[in-house]
Amino acid sequence: MTAGDPKVPKPQIMPPGDYHGDEVSVASGEHWLAVVQTGRGKSEIADVTIRVRAFEDAGVDPVGTKSGKRISIKEKLGNPILLFRGIPGTTAGPAETNSSARELIPNKPLRLTTKAGKSYSLTLVCAPPMGTGRYEKCAAALLLQTGATKQSLISFEVSYEGGRYDGRGDGGRVKLLWAGDLNADGAIDLLIDLTDHYNVSKPTLFVSPKGSSKEIVTWIAEHYSVGC
């Protein structure tokens with residue numbers, strides 16, 4: 001099957017968890033792949049069966065109705081981090097993990113090294129505040145580097161209040177959710193929450209491209225949701 005084949009789903013990602021009803025379109029019994037944490041620094045990609053359970057979405061549902069959707073998997077595995085499908089080169093099996101979840105601190109590189117010995121740094125590069133003691137917006141970019149190759153994954157503004165970092169947009173804290181090797185090519189893949197609001201999640205998947213490319217990673221998919 002080719003990418004244009006209607007039987008091949010477009011790339012989709014979705015962390016397990018609770019969602020408003022209109023934020024996910026998935027049904028119980030569907031088969032996806034999942035990144036599953038099986039121990040400290042250990043992960044695998046597993047074939048899983050989706051389980052969807054309705055729940056009362058507080059503040060949204062009238063009494064007695066259940067529009068919320070709780071997404072989990074049927075299988076008794078470790079800790080599922082991400083559900084996904086339609087991503088070329090991904091199959092069930094061991095998955096190298098290089099980092100678990102952590103918030104990115106302005107101008108402090110996060111070092112990542114693969115089992116093959118390839119080193120990367122991921123940095124939230126921020127222009128320094130003027131130091132006026134007031135609310136300020138500063139230019140920022142998420143920079144990935146390996147050797148002499150650099151790639152800006154996204155540019156945006158961050159806020160400082162009283163000289164203290166206050167996140168992206170309305171208090172959104174950019175976080176690395178997972179780093180590892182999703183497509184078994186020996187290069188780094190990244191799952192990053194690019195939220196721009198304290199009550200929004202926007203996990204975004206970047207995967208190393210196949211073949212020759214000037215990019216270290218390529219944007220694949222994202223999922224947007226608002227806290228329940």
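The values are calculated or read from the model by the stated rules, or taken from the named source; none is laboratory data. If you're wondering where the values come from, they're calculated on a predicted model, not measured in any experiment. Virtual Cβ from ideal backbone geometry, glycine too; neighbours counted across all protein chains shown.
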Pairs returned, first residue in the stretch 36-53 that is free of Cβ contacts under 8 Å to residues at least 12 places away in the same chain, second residue that is surrounded by fewer than 21 Cβ atoms within 10 Å (Cβ to Cβ) and part of a strand (DSSP E or B), beta-carbon separation under 8 angstrom, 6 or more apart or interchain, are none
Just the residues that are over 23 Å from S201 (Cβ atoms), surrounded by 13 or more Cβ atoms within 10 Å (Cβ to Cβ) and at pLDDT 95 or above, please, taken from the stretch 147-170.
Q151
Show the residue pairs meeting these rules: Cβ distance below 6 Å; 6+ apart or different chains; first residue within the stretch 148-173 and over 21 Å from S121 (Cα atoms); second residue in a loop (DSSP other than H, G, I, E, B) and not polar (S, T, N, Q).
Y160/P129; G162/G133; G163/P129; G163/G131; G169/D196; G171/Y198; G172/D196
Within the stretch 1-30, track down each residue that is in a strand (DSSP E or B), within 12 Å of G86 (Cβ to Cβ) and either of a type outside the set (A, V, I, L, M, F, W, C) or modelled with pLDDT under 90 (or both).
Q12
Among the strands (runs of 3 or more DSSP E) contained in the stretch 164-226, which hold 1 or more residues that are over 14 Å from the mean Cα position of the chain (by Cα) and over 23 Å from E96 (Cα atoms)?
164-168
Here is a list: T97, T90. Which entry is surrounded by 14 or more Cβ atoms within 10 Å (Cβ to Cβ) and over 28 Å from R168 (Cα atoms)?
T90
Could you give every pair whose Cβ atoms fall below 6 Å, whose first residue belongs to the stretch 10-35 and is farther than 12 Å from I71 by Cα, and whose second residue is assigned to a loop (DSSP other than H, G, I, E, B) and among the small types (G, A, S), counting only separations of at least 6 or pairs across chains?
K10/G86; P11/G86; Q12/G86
Residues within the stretch 178-228 that are out of contact with any helix residue (DSSP H, G or I) (no Cβ under 9 Å at 6 or more places or on another chain), of a type in the set (S, T, N, Q) and more than 23 Å from A148 (Cα to Cα), tallied:
5
As an exercise: evaluate A116 against (1) in a strand (DSSP E or B); (2) in contact (Cβ under 8 Å) with a residue 60 or more places away in the chain and give the number of the one condition it does not meet.
(1)
Checked pairs for the stretch 175-195, first free of Cβ contacts under 8 Å to residues at least 40 places away in the same chain and crowded, with 20+ Cβ neighbours inside 10 Å, second in a strand (DSSP E or B) and aliphatic (A, V, I, L, M), C-beta under 7 Å and 6 or more apart or across chains, list as D189/V207; D193/L177
